């Protein structure tokens, strides 16, 4: 069986699990994944909606040189290969552009 909601969440940088303050591994509940996806403007209330969102993302990225976003942890360096002459901008969560 397809799990389009989990695939969409992963594509959008939502971790399937995390460690809480006590060091326990906590699985990210499906409802939380769906709420985070909705906050990002993506419909994922059902498998069909998530599949449609995945298809729309794939279609929007066709022909792109880079994905429209890269998600990484603080202090982590994403590996981004740019073609010569490419221009780009990094926008922080607070809206600051670099």
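Within the range 63-91, residues that are in contact (Cβ under 8 Å) with a residue 24 or more places away in the chain sit with their Cβ atoms under 9 Å from residues that are loosely packed, with under 10 Cβ neighbours inside 10 Å, at 6+ positions apart or across chains, in these pairs: 71/78. Scanning the range 65-73 for residues that are closer than 21 Å to residue 5 by Cβ, in contact with a helix residue (DSSP H, G or I) (Cβ under 9 Å, 6 or more places away or on another chain) and surrounded by 10 or more Cβ atoms within 10 Å (Cβ to Cβ) turns up at least one hit. The lone criterion from (1) assigned to a loop (DSSP other than H, G, I, E, B); (2) touching a residue at least 12 places away in the same chain (Cβ under 8 Å) left unmet by residue 51 is number (1). Residue check: is residue 91 at pLDDT 95 or above and in contact with a strand residue (DSSP E or B) (Cβ under 9 Å, 6 or more places away or on another chain)? Answer is no for this residue. Of the residues making up the range 12-33, just one is exposed (fewer than 11 other Cβ atoms within 10 Å of the Cβ) and at positive phi, namely 23. Here 38, 58, 9 are screened, and the one residue that is assigned to a helix (DSSP H, G or I), in contact with a helix residue (DSSP H, G or I) (Cβ under 8 Å, 6 or more places away or on another chain) and surrounded by 10 or more Cβ atoms within 10 Å (Cβ to Cβ) is 9.
The values are calculated or read from the model by the stated rules, or taken from the named source; none is laboratory data. Every value quoted in this text rests on a predicted model; they were computed, and no experiment measured them. We place every Cβ from the backbone using ideal geometry, glycine too, and count neighbours over all the protein chains shown.
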